[in-house]
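Taking it in order: structure first as structure tokens, then the write-up.
The values are calculated or read from the model by the stated rules, or taken from the named source; none is laboratory data. From a predicted model like this one, the values you see are computed outputs, not experimental measurements. For neighbour counting, all protein chains shown are included, and Cβ atoms are generated from backbone atoms with ideal geometry for every residue, glycine included. Side chains included, ligands, DNA and RNA excluded: accessible areas come from the protein's heavy atoms. Shrake-Rupley method; radii C 1.70, N 1.55, O 1.52, S 1.80 Å.
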Amino acid sequence: MASRRHFLASAAALPLAGCGFQLRQPPEFAFKTIYVAMPPSSPMALELRRNLLGTGRVEVITDPVAGQKADVRLEPTMDQRERVVVGRTSSGEVRELQLRLRFRFRLRNVQGAELIPDTEILQQRELSFNESVILAKDAEEALLYRSMQSDTVQQIVRRLASVKAI
């Protein structure tokens, strides 16, 4: 009886063995060092640095002088947050906002050749607005911007991993 149960359990798990499921691995980079040309106190720079260091496969250089010797340079050309009114009531009060985060960057190697040309990443989120709960809406707005920033950083890391040769 016990061997029959063991056989049935093994037979049930057999289809799962060939499904190809695999945990996501840290990305592989074609470079060992990267200089991120952003102010060190920038929230985007802090999260990007943390994500790159978290892979354990690349060294992030923050010093501009030492950055001259890095394998590649990440150069942001725009880091912009926008808050646009998209809906109003009949009396003209704001009812809906659209939050946007735009980040444009390029990646160059030591010789100055572009590995990733000028690329823009745009994140958008909708936010309903109510004057009576203004503090809660401010907190929700901050949370949405943090979420957009995290998504943007993940996209940047994936694009950096797509570079095959420096």
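For the chain, what does the relative contact order come out to in percent, with C-alpha contacts under 8 Å and a separation of six or more?
Working: 244 pairs, mean separation 35.8, N = 166.
Relative contact order for the chain comes out at 22 percent.
Spin-label pair Val86-Arg24: with each label point 7 Å from Cα along the Cα-Cβ axis, the two points sit 2.5 nm from one another. Using the alpha carbons alone, the radius of gyration of the stretch 76-166 stands to its Kirkwood radius in an Rg to Rh ratio of 1.16. Rolling a 1.4 Å probe over the protein heavy atoms gives the chain an accessible area of 63 Å² per residue.
Simple spin-label estimate for Thr55 and Arg104 gives 2.5 nm between the two label positions (7 Å along the Cα-to-Cβ direction from each Cα).
Write down the Å³ per residue value for the convex hull defined by the alpha carbon atoms of the stretch 1-159. Walk me through the intermediate numbers first.
On the way: hull volume 35.0 nm³, N = 159.
Measuring per residue, one finds 220 Å³ for the Cα hull of the stretch 1-159.
Residues in the stretch 110-124 carry Karplus couplings, in order, of 4, 6, x, 6, 6, 8, 10, x, 3, 10, 10, 10, 10, 10, 9 Hz; the curve used is 6.51 cos²θ - 1.76 cosθ + 1.60 with θ = phi - 60°, and Gly or Pro positions show x. Cross-link reach is defined here as a Cα-Cα straight distance under 14 Å, omitting same-chain residues fewer than 8 places apart; for Lys69 the aspartates and glutamates meeting it are Glu59.
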